[in-house]
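Q: I have a structure I would like to understand better, so I am pasting it below and will then ask my questions one at a time.
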Amino acid sequence: MRDDQPDEAAAQEHDPYARRPGYVTDVSGRTDSTTTAAALGVAAGLVVTFVFGFVHLVQWIALPAALVVGVAVWLLLRTRQRRIDRNAGRSPDAVPSARDQAAAEANGGRRHFVAPNPVVLIVMASVFIAFAVVSLVFGRIAVTGLLVPILLVGSAAFFLVEGIGTLVVRRRASVGR
């Protein structure tokens, strides 16, 4: 074999940040981790919410219906894309697994999100907690009145854990130098 020809293993290797069909491309030109199917599922859920708002459907019916429609659209489009990938001889999980591997290598083996600025995540968590407290104090007592603060506190907990985890990872990296 000649030296100027790439071998088959290098040709089959996926670039996790290259543009991929079926994935959303962000402003920088890199492929985002969000699939087109997920983006269309969110859009379908928003459209259903908008349409149900026009017909003045009550909120406790409109929101779960929009969620069901959005998830159904996402699952149908995802299943279709995976079937197309299999029929074309590609592994449907090649891009996500290559992306996970690249993220783990870039973050010192950590597969979680590592924030560029963890303080922003901690501030976001405190803002979410403040919104949850305000909605509990000034909101009405109902299922949706309790569901929103629960979701806000859950989101705050996620951002707080990720922010603190990033601080710990950075502190370990700076101590090890």
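The values are calculated or read from the model by the stated rules, or taken from the named source; none is laboratory data. Keep in mind it's a predicted model, so treat the numbers as computed, not measured. Positions of Cβ are backbone-derived with ideal geometry, glycine not excepted, and every protein chain shown enters the neighbour counts. Surface accessibility is based on the protein's heavy atoms, side chains included, excluding ligands, DNA and RNA. Shrake-Rupley method; radii C 1.70, N 1.55, O 1.52, S 1.80 Å.
Q: What single numbered condition from (1) under 25 Å from A98 (Cβ atoms); (2) at pLDDT below 90 fails to hold for W74?
A: (2)
Q: Among the residues of the stretch 128-171, which ones are open to solvent by less than 50 Å² (accessible area, probe 1.4 Å) and touching a helix residue (DSSP H, G or I) at 6+ places or on another chain (Cβ under 7 Å)?
A: A132, S135, G139, T144, P149, L152, S155, A156, F159, E162, G163, T166 - these are the residues of the stretch 128-171 that are open to solvent by less than 50 Å² (accessible area, probe 1.4 Å) and touching a helix residue (DSSP H, G or I) at 6+ places or on another chain (Cβ under 7 Å).
Q: In the stretch 103-127, which residue that is at pLDDT 70 or above and more than 12 Å from T166 (Cβ to Cβ) is surrounded by the fewest Cβ atoms within 10 Å (Cβ to Cβ)?
A: This residue is E105.
Q: Taking only pairs six or more apart or across chains, which ones have beta-carbon atoms under 9 Å, a first residue in the stretch 75-102 that is more than 17 Å from A39 (Cβ to Cβ) and open to solvent by 80 Å² or more (accessible area, probe 1.4 Å), and a second residue that is of a type in the set (A, V, I, L, M) and assigned to a helix (DSSP H, G or I)?
A: R90/I84
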